[in-house]
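The values are calculated or read from the model by the stated rules, or taken from the named source; none is laboratory data. The structure displayed is predicted, hence computed values, not measured ones. Positions of Cβ are generated from backbone atoms using ideal geometry, with glycine treated the same way; all protein chains shown enter the neighbour counts. Keep in mind that these areas ignore ligands, DNA and RNA; they rest on the heavy atoms of the full protein, side chains included. Shrake-Rupley method; radii C 1.70, N 1.55, O 1.52, S 1.80 Å.
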Amino acid sequence: MTEKQKNRVFLLKTGSLLTLVLGLFLAAYTAIRLGHGPFPFSEAKIVKIILGICVAVTSWFVRSQKTQQLVNRMVRGFLRMVRGFLFPVRHDGSYPRSLRGLLSFFMFTGICMVLWAMFASSARWDAQFLRRSHEMALGGAALALTSGILRYGRKVPGGTADWPKPLEVLSMFGLALAVIATDIYFSGKVGLLSYPPYYDGVGYMLEAKKAFLQLGLWKQHPVAFANMMFENRYPVWQALMVLNFELFGDGEWQAYAVRFWPIFVILLTVFWVVSRHIGRAGAWGAAIFTALLPTLSLNLQVVAAKQHSTTYWYLADLRPDLLFAAFLFSAVVLLVENARSLDERTALFSGTCAALAILTKSSAIAAVLLAWGIAGIYVLIVNRRDLRKVLFMTTWALLVFTVLLLPWALAGGAELTFRYVKDVLTTDLPLYSNQHATWKSETTYYWNFFIPHMGLLGLTFLIAGLALLCVFLVKKWRVETNVGRLVIYLVMGVALYGLVSGTLA
């Protein structure tokens, strides 16, 4: 035996003896103090006794030479496993090192969050989000799981998705600016902006003004400001209003200008979808037609029809429903249109839009889960022969979904939302529901408003569009049997309409 090995054996025996003494002392000292205090057999004391006995037995057990060899092999094997886990061997098709480093950071952050929720849930902290053990544990587990799966994944070959060009994105941005500017101008003459803010959406504007007034305090009290921004049911909508106040000043039309964002998202999505099927010229026509719908430019139609918008003011007030619908629309369309060429970019964009939809109007989370789930099932059916690819793409979507929702959930937004939904469906139900509801009244409720909102011209376009759709379906069925996208859109629309009609409130 060499001198180095003798020193190692001496150190091991010395450490084993000290550990034995320490374990026995911990167990004996805790056992002596069992009679002290109001709770003699507390959980903490029992754990200390068991821990001391285990330490003493382990230290005595590892003193034998065979045990030392076994422990050495186990330690070396564990270190090899940890090294391989932390620094996986780069293979062909693996993600870049920087991305794997980011995934490692997310994974260990999630693990720390789970451990924090387990052992520090009762601690007192100034930061409110550190005390939400359930959200901390659930979010941490999702973060660790998704990041851990992706660290060892292989890159998907470049997809064939035809994304909008920068000039087209700027064009839709300009069209949306023109629509919202026109709508604000006419609203100041015949619409909501020509009256004091009496409509339901004024509550959102007041909350945004409150956040704007406290914007200067974020440096002195960043945690309090973060809680104020995230601890509500519409943080994205409020943040966009605050951005408008910061850019254009604190006023009513500045708050109303927040409708630019849903207009832009809807126009860009419509342009992208139509251009994939019938070309850029048809996409421009579809975008302009969509921009003229009363949902996006109510006051323009009101002026053209020489009416007044006060009867249907809720089509253009400051509630976040339109932006929620725009994000949800984009999330499902991205998956359905790229189902056969699914890649990381598509999954990330879809997950981002789904998370932003919830952060825009969290009380409608059921609609997001329903529509996104139907789109996911369609992707799964289309790629049923390559389920591994679907798994990794789904994990990318869930990762960005988790990362975006975590701050809101930890700040109390999720708890507030579930409490609000519970109240709406129980104690506050009479305020939001039809007391004499029937199947017919609920399923035809929205159709009764179609002609008053859209007019006869809207009804004409609806009938013409349905007729063209039938012709297109027949033609497409004869040429090719793949009409899955159209069918899934129909299923999704019926499911969402059924969800809204069947909801009690």
Within the under-13-Å Cβ sphere about Asp343, not counting Asp343, Lys/Arg +1 and Asp/Glu -1 give a net charge of +1
Please give me, ordered by residue number, the trypsin sites (Lys or Arg not before Pro) of the stretch 289-396 that lie in loop per DSSP and have at most 13 other Cβ atoms within 10 Å. Lys306, Arg384, Arg385
Taking every other residue with Cβ under 15 Å from the Cβ of Ala366 and scoring Lys and Arg +1, Asp and Glu -1, one gets +2
Dipole size in debye (nearest 20) for the stretch 218-368 around its Cα centre, Lys and Arg Cβ +1, Asp and Glu Cβ -1? 300 debye
Work through the residues other than Gly279 whose Cβ is under 13 Å from its Cβ and net out their charges, Lys, Arg +1 and Asp, Glu -1. 0
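On the protein heavy atoms, probe 1.4 angstrom, tell me the percent of accessible surface of the stretch 163-208 carried by carbon and sulfur. Provide the component values of the computation, followed by the final result.
Working: 1660 of 2310 Å².
About 72 percent, which is the carbon plus sulfur part of the accessible surface.
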Can you pull out the chymotrypsin sites (Phe, Trp or Tyr not before Pro) in the stretch 348-418 that DSSP calls coil and that have at most 15 other Cβ atoms within 10 Å? none
I'd like the accessible area for Trp447: 1.4 Å probe, protein heavy atoms, all chains in place, Å² to the nearest 10. 150 Å²
Probe 1.4 Å, heavy atoms of protein chains only: per residue, the accessible area of the stretch 134-269 in Å² is 48 Å²
Of all the accessible heavy-atom surface of the stretch 387-505, with the other protein chains kept in place and a 1.4 Å probe, what percent is carbon and sulfur? 74 percent
What whole-number value in Å² describes the accessible area per residue of the stretch 387-503 for a 1.4 Å probe? 66 Å²
Projected onto the charge dipole of the stretch 165-309 (unit charges on the beta-carbon of Lys, Arg, Asp and Glu, signs +1, +1, -1, -1), the Cα from Ala178, Asn232, Ser275 with the largest positive-side position is that of Ser275
Can you work out ³J(HN,Hα) from phi for every residue in the stretch 486-500, in order, using Karplus 6.51 cos²θ - 1.76 cosθ + 1.60 and θ = phi - 60°, giving whole Hz and x for Gly and Pro? 5, 5, 5, 5, 5, 4, 5, x, 5, 5, 5, 5, x, 5, 5
